[in-house]
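Submitted below is the structure of interest, expressed as structure tokens.
The values are calculated or read from the model by the stated rules, or taken from the named source; none is laboratory data. For clarity, every value in this text was computed on a predicted model and none was experimentally measured. Cβ placement follows ideal geometry from the backbone for every residue including glycine, while neighbour counts extend to all protein chains displayed. For the accessible areas, the whole protein counts, side chains as well, though only heavy atoms, and no ligand, DNA or RNA atoms are used. Shrake-Rupley method; radii C 1.70, N 1.55, O 1.52, S 1.80 Å.
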Amino acid sequence: MEITFRSCRLINRLLRKPLALTSYRSVVNVAAKDEVNTELLTSFNKDIQDGGAVPVFRRALLFPTRVALQDEVGIYTYAGLYQAAAALSTEISAQLVGETERTIAYMCGNDASHVIVQWAIWMTGNIAVPLTPLHPPEMLKYFLTDSMSTIVICTQDYEKLLRPIALDLSRPLLVTGKDKEITAQLYQPNSAFMKPRVVDNLSDVGRSNSWYGSKDALIIYTSGTTSKPKGVVWTHSMLQTQIAALHSAWHYSGNDVVLHTLPLHHIHGQLNSMLASLAAGARIRMLPSFVSHAVWARLLGMGERDDSKVSVFHGVPAMYMRLAADHDKMFADARTAEYVRNTLATRVRLMCAGSAPLPSTLFDKWEKISGHRLLERYGMTEVGMALSNPYRPLEGRTVSCVGAPLPAVSARIATTGTLEPLVTVESPAPDLLLGLAKDGSGDEYRWDRPKVTVHAQSETEVYEGELLLKGPAVFSRYWNRAPKLNSDDFTSDGWFRTGDTASYDGKFKILGRTSVDIIKTGGYKVSALQVESAILEHPDVEDVAVLGFEDESFGEMVTAVVVLKENKKLTLKDLKDEAGKRLAPYQLPKVLLVVEQMPRNAMGKLDKKEIRRLYGDKLGTKK
Ligand code: AMP
């Protein structure tokens, strides 16, 4: 069934409507207090104190005239996105006859339509399930069935892909965006462009903050590299806590211009780049996908207005790797490279990396290229962002480490297998209340020192084992599956089992997925991540995956699958000689396979399941 949108017409009418004075002003990082609608701010804060959650869309009321998002089509104010979402929400409500707490799957490009559809779903009190066209139809069917989505919404671009699936599963399909302009009320340039237009009094849409305080917001599916994808349930309260934690730790502000190039079906693109930025009143520059030369152009901001020049970038290591490789090709002469470095060093305030290990060679190379010490953090679909290097001081950002628990996160290292607690590190919860930046000094951003409790003293003061997490932003259940304590997911006392092996010596270090990356060889445990990082130091190596393959003598054999730089050759002896400068003999690969291409998933992570499938015959049996 197709439902054409009356909201298209409504939004188009809104676009033409003359704009009147607003009573709302921005509150994040505005200098003058008299610009602020303190009444609204106070009422939001009272709701938060009473246990409510202010959903991200509602924060738009605090800074309606600001630019929220700039995509390939246009520039949108917070009011524009809000009004477009409000119009769409009436369509959804009509379709659901006012029902709430239903799941609604949606597929949009990386542009304003994603925000509008998501906010519209939230305004109706329903749960948003983002889908990506990167997944094959069978997988999409699985997501729709598993999430029990009542309706599917998509923009015109994805109608062809989703219509047969929706028909097959008998789900109504709502197609938005017949005309690209429906996506928002544009922030139309005029002679007063420097002063954003004022807008109508925006009527408050949606349920009360106290209602949202106990309701589900989002389902994000795990990448399923080791098992079938599971739907992680994110509540509005979890999002509120995560956003407050990230704001405190990484100093988000309304002055930020965030370059967004990450997939939106993953927590990294949803939370770090999109929702936390929108909640701060920042401006997002959204690209349809990651294309290195387009990212370079935006990062350098040549010919762009000052207020749209990028100041924040969140990427995965594979993106920085591509950018670094293209940097060498595009900015080969020293003067251009110096210009690039100066531009990034002075204009950009934060460059973050995560979702996969950041090799030390890349950390160093990026510092040379941009003057930025990448801020590496560790996160997961189930917990959002959990561990992070510090924002300040810069020297505190340590290569190959992921720092300390973010505000509201408790992290524990427990013995692998028996789960005996070894050490617990707890960061206090952030202040959830919304406020004004004081004087630009950054004093308002607090990330207090964590409390460390040692349960079993280690002589070396290094604790290694399974990483467990707990806190108000750590998920409590997968969709459609009863939560089970004392299982692979949670310990008997409610700690989430990440499945990652980590060490703690004052800072956390991720050693890899316990099931895949911890290789047991000749009585030793070897972290595949550490071996990969060392092999990448070899000047002829472009990419590498390290795996353990069964072996009669060693238990498992450390095996390196390598992609070489153009016209290069490598023998196992060369590799061992170079990697041996950084690794102990037992960590060195005993087998080398040179391949043309390395399978990586949409997030740029090594797909070790696929590597085994493709090259396993040449290398041995499964682990
Ligand atoms: P996802 O749920 O797709 O975000 O994947 C989460 C997994 O990515 C974690 O369990 C880790 O294995 C890995 N991961 C995330 N951040 C890092 C990091 N900074 N270093 C190493 N592995 C990471």
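Compute the distribution of all C-alpha to C-alpha distances in the stretch 518-621, in bins of 5 Å from 0, and list the percent of pairs in each, rounded to whole numbers.
Percent of Cα pairs in each bin: 2, 13, 25, 25, 21, 10, 2, 0.
Could I ask something else about it? Whole number in Å², please: accessible area per residue of the chain, 1.4 Å probe, ligands, DNA and RNA not counted.
Values: 25870 Å² over 623 residues.
So the chain comes to 42 Å² accessible per residue, rounded to a whole number.
Rounded if a/c is under 1.5, else prolate if a/b is larger than b/c, else oblate: which is the stretch 336-476, with a ≥ b ≥ c the root eigenvalues of its Cα gyration tensor?
oblate
Measuring from label point to label point, each 7 Å out along Cα→Cβ, what is the Glu542 to Glu99 span in nm?
Result for the modelled spin labels: 5.1 nm.
Sorted by accessible area with a 1.4 angstrom probe, largest first, how do Asp71, Asp204, Asp448 fall?
So, going from the largest accessible area down, we get Asp204, Asp448, Asp71.
Taking square-rooted eigenvalues a ≥ b ≥ c of the alpha carbon gyration tensor, is the stretch 42-117 rounded, prolate or oblate, where a/c under 1.5 means rounded and, failing that, a/b exceeding b/c means prolate? Walk me through the intermediate numbers first.
Values: a/c = 2.12, a/b = 1.09, b/c = 1.94.
Oblate.
Please give the peptides 585-596, 77-88, 53-64, 247-258 ranked by average Cβ packing (other Cβ atoms within 10 Å per residue), highest first, as a rough proxy for protection.
77-88, 53-64, 247-258, 585-596
Now a separate question. Counting each DSSP H run of 4 or more residues in the chain as -39500 (n - 2.57), what helix-only mean residue ellipticity at 222 nm follows after dividing by all residues, to the nearest 500 deg cm²/dmol? Mind showing how you got there, number by number?
On the way: 18 runs with 181 residues, N = 623.
Helix contribution divided over all residues of the chain: -8500 deg cm²/dmol.
Any aspartates and glutamates with Cα under 20 Å of the Lys141 Cα? List them, leaving off those in the same chain fewer than 8 positions away.
Qualifying aspartates and glutamates at Cα under 20 Å: Glu2, Asp157, Glu159, Asp168.
Moving to a separate point now. Taking the Cα-to-Cβ direction at Asp574 and at Ala482 and moving 7 Å from each Cα, how far apart do the two end points lie in nm?
Label at Asp574, label at Ala482, 5.8 nm between them.
Rounded, prolate or oblate: which fits the chain when a ≥ b ≥ c are the square roots of the eigenvalues of the alpha-carbon gyration tensor, with rounded for a/c under 1.5 and prolate only if a/b beats b/c?
Verdict is prolate for the chain.
Tell me, in nm to one decimal, what length is gained between Val595 and Asp157 on full extension, where the rule is 0.36 nm per residue of separation less the Cα-Cα distance?
Residue separation times 0.36 nm, minus the Cα-Cα distance, leaves 154.1 nm.
For the stretch 37-78, report the convex hull volume of the alpha-carbon atoms normalised per residue, in Å³, without decimals.
Here the figure is 52 Å³ per residue.
Of the cross-linked pairs Lys509/Lys590; Lys365/Lys525; Lys569/Lys590, which ones have a Cα-Cα span greater than 19 Å in the structure shown? Mind dumping the intermediate values first?
Details: Lys509/Lys590 25 Å; Lys365/Lys525 29 Å; Lys569/Lys590 17 Å.
Beyond 19 Å: Lys509/Lys590; Lys365/Lys525.
Out of the total accessible area of the chain (probe 1.4 Å, heavy atoms of protein only), what percent is carbon and sulfur?
51 percent
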